[in-house]
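**Q** Submitted below is the structure of interest, expressed as structure tokens.
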Amino acid sequence: MKRQGIFFLLVILCLVSATVPAEGQEERWLVSYSVVDMTTKQLVFEQDYETGRTISNAPMFAGAEYNITVTLDIGLSAPYANLSLWVNLNHADSIDRYWEIHTVSLNLTDDYNPNIPTFNFWQIEGRYVISTFGRVPSDLTMVDLGNVVLHFPINHVTLQLRGPDNSLLDEVKLTIIDSEIDSYNFFLGEREADLLEYEEVGVDPAFTDVFENYISLAKSQAERGFIQTAKTILEPLEIEIPPIQTGPTLADQYFLPAVGGLGLLVVLLGVLFFKARGRIAFTSMVIEDQIRELEGLTMRAARTDKNLGERLQEINKRLKDMEGI
């Protein structure tokens, strides 16, 4: 019994020494990984913790199938310790398995089955390359409230390495979005670039303040999952010829009511966190107030800038269309 106790104590000490990082360093077992889209064969993402290199070519989408290849570095042998890899993806339709072991010296247990989402192997010192295949759940980024669907980017735990006692040794987290979020990100990037350009060329500060407030409003909606609302705010904001400041600012003439109304709107939308149905009703009420504010602003602005008036009229129409959410 004493010999058995000493033996198991040595196994535990081996595991501890293998998992405790040096001071100031983060211990990694999964030292690198790459993500390839199984449909396009495109490299989507690559991370190498040893060199510090990160390559990001495209976002990862809910419903898509990916091949994730990891490099596992086992720094110390504990021959009787059983480790396991887990993948948190659905089975891919385009391939008949979850796993492919590229390094044949990986000491697999007898129950290894490449067609189930986890497998076990013995802790033998070495470096091993392993691929896993899977499909991201199509509804991962969505929350269905019945009368509206919210969309959120998800930092998804995709792969985990676990020890003999099921303790977490390392994991891979990947950010997942959907097509609605990707479309919103595109419009957000366009509008933020426009704002930067307006500030550089001397567009009237009151106009840029209103423009920035609309961007902030869209962001606040997106953070709460109202991606379609955020897109509707951003999409029509493209102004080809914004007003350049040549005299009294537009704030003195037209825009102060709009800035105040938008600022209040951004604050009030914080209430939307509390209840889904109340959140939607409150959004509709606020949009109605903004429509009335914009109608007066549009008529006044059109007198001095026809293009600006037309764009504000288009935004007003989009807000009216949104009112039925």
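**Q** Of (1) crowded, with 16+ Cβ neighbours inside 10 Å; (2) assigned to a helix (DSSP H, G or I), residue 128 satisfies all except one. Which?
**A** Going through (1) crowded, with 16+ Cβ neighbours inside 10 Å; (2) assigned to a helix (DSSP H, G or I) one by one, residue 128 breaks only (2).
**Q** While we're here: All but one of (1) at pLDDT below 95; (2) in contact with a Ser or Thr (Cβ under 8 Å, 6 or more places away or on another chain); (3) not hydroxyl-bearing (Ser, Thr, Tyr) hold for residue 164, so report the exception by its number.
**A** In the conditions (1) at pLDDT below 95; (2) in contact with a Ser or Thr (Cβ under 8 Å, 6 or more places away or on another chain); (3) not hydroxyl-bearing (Ser, Thr, Tyr), residue 164 misses (2) alone.
**Q** Here's a follow-up. Give me the strands (runs of 3 or more DSSP E) completely within region 10-101, filtered to those with at least 2 residues that are at pLDDT below 95 and over 24 Å from the mean Cα position of the chain (by Cα), ordered by residue number.
**A** 78-87
**Q** Could you check region 166-224 and list, in sequence order, the residues that are assigned by TED's automatic domain parsing to the domain that holds residue 85, loosely packed, with under 14 Cβ neighbours inside 10 Å and hydrophobic (A, V, I, L, M, F, W, C)?
**A** 168
**Q** Before we move on, is residue 87 surrounded by 15 or more Cβ atoms within 10 Å (Cβ to Cβ), touching a strand residue (DSSP E or B) at 6+ places or on another chain (Cβ under 6 Å), under 24 Å from residue 142 (Cα atoms) and of a type in the set (A, V, I, L, M, F, W, C)? Walk me through how you get there before you give the answer.
**A** Working: surrounded by 15 or more Cβ atoms within 10 Å (Cβ to Cβ): yes; touching a strand residue (DSSP E or B) at 6+ places or on another chain (Cβ under 6 Å): yes; under 24 Å from residue 142 (Cα atoms): yes; of a type in the set (A, V, I, L, M, F, W, C): yes.
Yes.
The values are calculated or read from the model by the stated rules, or taken from the named source; none is laboratory data. Only a predicted model underlies this, so the values are computations on that prediction, with no experimental measurement involved. Backbone-built Cβ (ideal geometry, glycine too); neighbour counts: all protein chains shown.
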